[in-house]
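Laboratory data are not the source of any read-out in this text; all were calculated from the coordinates shown. Predicted, not measured: the structure shown is a model, and the values here were computed from it. Here the Cβ positions follow ideal geometry from the backbone for every residue, glycine too, while neighbour counts run over all protein chains shown.
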């Protein structure tokens, strides 16, 4: 008695076909925008929209900021585009 798969497929042919599987796209990291801190004293604040913590001061004037926080931080007058 022969196997069912041998009856359906001629010798040398497989019932399985190779399938190319593409790797998943890399996770997109949100782009950030650089802002320059204009203040003279160290400052730590949470982004109004993202709630991320930003720290800046005399040694760290340029900060990478989440795009959702940029407009509010620029309106504060303490930052300018870097």
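Can you give me the distance in nm between label points at residue 72 and residue 45, each placed 7 Å from the Cα along the Cα-to-Cβ direction?
In this crude label model, residue 72 to residue 45 measures out at 1.0 nm.
Which three extents, in whole angstrom, do the alpha-carbon atoms of region 35-82 cover along their principal axes, largest first?
Extents along the principal axes: 25, 18, 15 Å.
Determine, for 62, 70, 19, the number of other Cβ atoms within 10 Å of each Cβ, and report the residues in order from fewest to most.
The order, fewest Cβ neighbours first, is 19, 62, 70.
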